[in-house]
Each structure stands twice: as C-alpha cells, then as structure tokens.
1. Checking D31 against (1) open to solvent by 50 Å² or more (accessible area, probe 1.4 Å); (2) out of contact with any Phe, Trp or Tyr (no Cβ under 8 Å at 6 or more places or on another chain); (3) at pLDDT 95 or above, only one condition comes out false. Which one?
2. Can you name the residue in region 97-117 that is without any contact (Cβ under 8 Å) to a residue 24 or more places away in the chain and of a type in the set (D, E, K, R) and, of all such residues, is farthest from V69 (Cα to Cα)?
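The values are calculated or read from the model by the stated rules, or taken from the named source; none is laboratory data. Bear in mind that the values here come from a model prediction, so they are computed numbers and not experimental data. No Cβ is skipped: glycine too gets one built from the backbone with ideal geometry, and neighbour counts run over all protein chains shown. For accessibility, only protein heavy atoms count, side chains too; no ligands or nucleic acids. Shrake-Rupley method; radii C 1.70, N 1.55, O 1.52, S 1.80 Å.
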Amino acid sequence: ASGQEGAARCRAALPDEEAKARAWEALFTTDESSDLSNYLFTATAMGFWQPEQADLVRPYVARFYKDSVALAARRGPAIAEAAGRYAFPVHAVDAEALRLGEECLRDGDPIPALRRRLADQLDDLARALRVREGRTH
C-alpha cells in the first residue's frame, strides 16, 4: 500500500500538463466507480501542488474551491477533511486565491468538515499575505 501511495504522489508531482490533468481527474472525478481511496487521495493531493510548478498549476487554484465542495458533498467528511488539508493550494499566496476562498465560504455551501478546514487554511493565507505586505495585524 505504501508503494502505491508513493507512486500516486510521484505521478501527481510530475511537471507536465497531462500528468496534472490526470491527477486532478483522479482527485475530483465524479465517477464513483473510480473514486480514489482516502489514502490514495491524500497521496495524490500531496504530490499535486509543487511550489516550483506554480505556473503549471495556476489554473487549478480557482477550480479547487468548486471541485472540493462538490467532492465533499458527494463523498463526505473524511474526504472533505483530506481535500481541505492536502488538496488546498497552499503555495498560492495571493489576494485572488484569498478572494476565491472567501467567496467559496460565503456562497459555495461547503459541508461543515470542509468549511472548517477551508476557514483555517484561508486564515493562514490571509496571515501570510499580511506578513508579505509587512503588516502583522
């Protein structure tokens, strides 16, 4: 099992558009017959966002919110927690990512487990933006 998880993480980390598209589909697919296990979901999510690949994964930042809300509603709290923790685009420290996340919390109706995790991640993102701007409050 650990070998499968490592392979999933490595495939998702490949710096290639096609690899990213396959990983995203595996993470957020709407086909229940091909849903990843919680462990493989986490491994794939951990491999997907690589800071040095920011340009390659930029289109997925906006998609994350809508896709994670739909996924969490379909698969429940355990995947919602994993999506909010491991699939969240932590590398995207910019005002647009914060705006998209706040909009999702306000209008996206995420299930409670995802809402809690997103609120924590967005709080960290807002703090990182303030630090970057030289403000602490």
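1. (3) is the only condition that D31 fails.
2. Only one residue tops the list, namely R99.
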